[in-house]
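Values in this text are rule-based calculations from the coordinates and carry no lab data. Please read these numbers as outputs of a predicted model, since none were measured by experiment. Glycine also receives a Cβ, built like all others from the backbone with ideal geometry; neighbour counts cover every protein chain displayed.
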């Protein structure tokens, strides 16, 4: 009888069916270390963009023609190898992708931390190490994200700024009137104040991010803390001061509308 049952079951093997392995990068990203790497790498890329974006915009102080030609140069990157604005939009798409990864990694790490410690602290936390910048990281990030959305609607798509899609002719070139679009935007006190507040919060976010990058990548050492602090402070200060000069100069009448 046992022989009949065995024959019906068929041969028995000692190997189990292996589950398909995920790609290495996805496997790494599923860990806390991988998410920290993603936050650090995307953070470095976005810090570079914020810095060079601010430096490019300083051309406002050289006059309307300089800023508008700079904007025209960005639209014609690699032209005629690529159609106008193509490379610019590829760069924008890459930045948006990095922002999404940055946000997802931050959210995932928060969930992982809460899951690892479901019971809240029973006493007040010691914030000697977790300073003001780190404690406000989430809120500053949310407000900066709202500012990015507004900034795109204001000076990229022109949804809330009628001057953004204006053009003028300079010789044989048709240039976008970026200069007057910026002036029009900051002539609205509410927008100017929001821009200043958002950039102060951006500075707080950048300070903590620049400090944390070294730790996330495993490059931290107590001997270098002084230099990390100096770098984080200096970088955040340069970006904030540079960006805040634009609305302040417009409201003070230093920068005025250009006529062509």
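Exposure proxy ranking for 184, 260, based on other Cβ atoms within 10 angstrom of each Cβ and starting from the fewest, stands as 260, 184.
When 87, 142, 149 are arranged by Cβ crowding within 10 Å, least crowded first, meaning fewest neighbours, the order is 149, 142, 87.
The calculated FRET efficiency for residue 51 paired with residue 159, based on their beta-carbon distance and R0 = 35 Å, is about 0.85.
Taking 81, 103, 51 as the candidate residues, the one with maximal mean-square fluctuation in a Gaussian network model of the chain, Cα springs under 10 Å, is 81. Normalising the average separation of contacting C-alpha pairs (under 8 angstrom, six or more residues apart) by the number of residues puts the relative contact order of the chain at 22 percent.
Please tell me the relative contact order of the stretch 150-211 in percent, rounded to the nearest whole number, where contacts are Cα pairs under 8 Å and at least six residues apart. Averaging sequence separation for qualifying contacts and normalising by length gives 19 percent for the stretch 150-211. The long axis of helix 137-155 is offset from the longest Cα principal axis of the chain by roughly 50 degrees. Between 86, 115, 31, the GNM of the chain built on Cα springs shorter than 10 angstrom shows 115 fluctuating the most. Panel order for 104, 208, by other beta carbons found within 10 Å of each beta carbon, from fewest to most: 104, 208. Among 116, 192, 32, the residue with the largest mean-square fluctuation in a Gaussian network model of the chain, with springs joining Cα atoms closer than 10 Å, is 116.
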